[in-house]
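Q: A single structure is presented below for examination.
The values are calculated or read from the model by the stated rules, or taken from the named source; none is laboratory data. Not measured: the values here are computed from a predicted model. Counting neighbours? That spans all protein chains shown, and the Cβs are built from the backbone with ideal geometry, glycine included. The accessibility values were calculated without ligands, DNA or RNA, using every heavy atom of the protein model including side chains. Shrake-Rupley method; radii C 1.70, N 1.55, O 1.52, S 1.80 Å.
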Amino acid sequence: GSITATADADVFYCYKSYKVVAKGGAAGIVSWSQNLNLKYCTNEGNISGVSKNGGIAGTIYWGSYYNCVNRGAVTGSGQGAGGIVGQIMNQGRLYGCENYGSIHTDTYQAAGIAAFAVSQSQPIWIYKCTNYGKASAGGNCAGGIVGYTENNNANNKLLIDRCINAKDADITAP
């Protein structure tokens, strides 16, 4: 991530406008986060990496992101490219986030909000998020809000509520 590589804290009111290119996962604000509260952060730079690439975060694990905006393109040569996050796990929460950038991965799992959502031990919440950008995957699993989900326990769910994939968003996968 261009603001921080990893985080276990609170980050508020951050802004990034330059490009990020990485040989692994790439993100506009934070590459990997655990127990992070991130509020009112904006990325306007393009993001390019291999896997788990996100306009705001690469991976969210037990954290909450509020009112974050991505305006940059997010591309990846491997699994997972998301407008807000590449991968969201175990009690990760997204509230009021918006993506305007185009999202593409050469393989699979591309989405305007979260490329890959996995709830191994706790539910995941995605609430009032909006995608305005195009999402495309060279393989499969492209979505406006979430590209691919995995749930390892029937009690732990992915909850998507009041989210919008704008009608001009273009979702493509073979």
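Q: Evaluate the range 160-168: report whether one residue or more is under 26 Å from Lys19 (Cα atoms), in a strand (DSSP E or B) and more than 11 Å from the chain's Cα centre (by Cα).
A: yes
Q: Could you tell me which numbered condition Gly63 fails, if it satisfies all but one of (1) open to solvent by 10 Å² or more (accessible area, probe 1.4 Å); (2) modelled with pLDDT under 95?
A: For Gly63, the failing item is (1).
Q: On to the next question. Taking the criterion of being modelled with pLDDT under 95 and open to solvent by 50 Å² or more (accessible area, probe 1.4 Å), would at least one residue in the range 110-117 satisfy it?
A: no
Q: Please work out which residue is nearest to Asn90 (Cα to Cα), limiting yourself to the range 14-33 and to residues that are open to solvent by 60 Å² or more (accessible area, probe 1.4 Å) and touching a strand residue (DSSP E or B) at 6+ places or on another chain (Cβ under 7 Å).
A: Trp32
Q: Regarding Gly96, is this residue surrounded by 21 or more Cβ atoms within 10 Å (Cβ to Cβ), modelled with pLDDT of 95 or more and not aromatic (Phe, Trp, Tyr)?
A: No.
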